[in-house]
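The structure appears below as structure tokens.
The values are calculated or read from the model by the stated rules, or taken from the named source; none is laboratory data. This is a predicted model, so every value here is computed, not measured. As a convention, Cβ positions derive from the backbone with ideal geometry for all residues, glycine included, and neighbour counts pool all protein chains shown. With ligands, DNA and RNA removed, areas are computed over all heavy atoms of the protein, side chains included. Shrake-Rupley method; radii C 1.70, N 1.55, O 1.52, S 1.80 Å.
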Amino acid sequence: MDQPEMILQEAIENHQNMIKQFKGVSGLQAARFEEAMTAKQCALSLVGEPIMYPEINRFVRLLHQHSISTFLVTNAPFPDEIR
């Protein structure tokens, strides 16, 4: 199982690598480019059921410690874990 710290580190690296692809694009504003390098939101709903990850609470806390807002979508198959 991947640890929350590793997931966050790799997600930030992937985010930054994606943004770097815009460098040199005509009309790109330097200030906006630098701003975009910082991840600000994380959707926890795109692959499977996020509540099934045993460290979901720790991961959400870690994201919030990095000032990254979270958006969690669930089908609520595990109501006890959601509490």
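Could you grab me the full set of residues in the range 1-49 that are surrounded by 10 or more Cβ atoms within 10 Å (Cβ to Cβ) and part of a strand (DSSP E or B)?
42, 43, 44
Which ones in the range 59-81 are part of a helix (DSSP H, G or I) and either among the small types (Gly, Ala, Ser) or open to solvent by 80 Å² or more (accessible area, probe 1.4 Å) (or both)?
Answer for the range 59-81, where residues must be part of a helix (DSSP H, G or I) and either among the small types (Gly, Ala, Ser) or open to solvent by 80 Å² or more (accessible area, probe 1.4 Å) (or both): 61, 64, 65, 80, 81.
How many residues does the range 1-27 hold that are within 19 Å of residue 66 (Cα to Cα) and of a type in the set (A, V, I, L, M, F, W, C)?
Adding up the residues that qualify gives 6.
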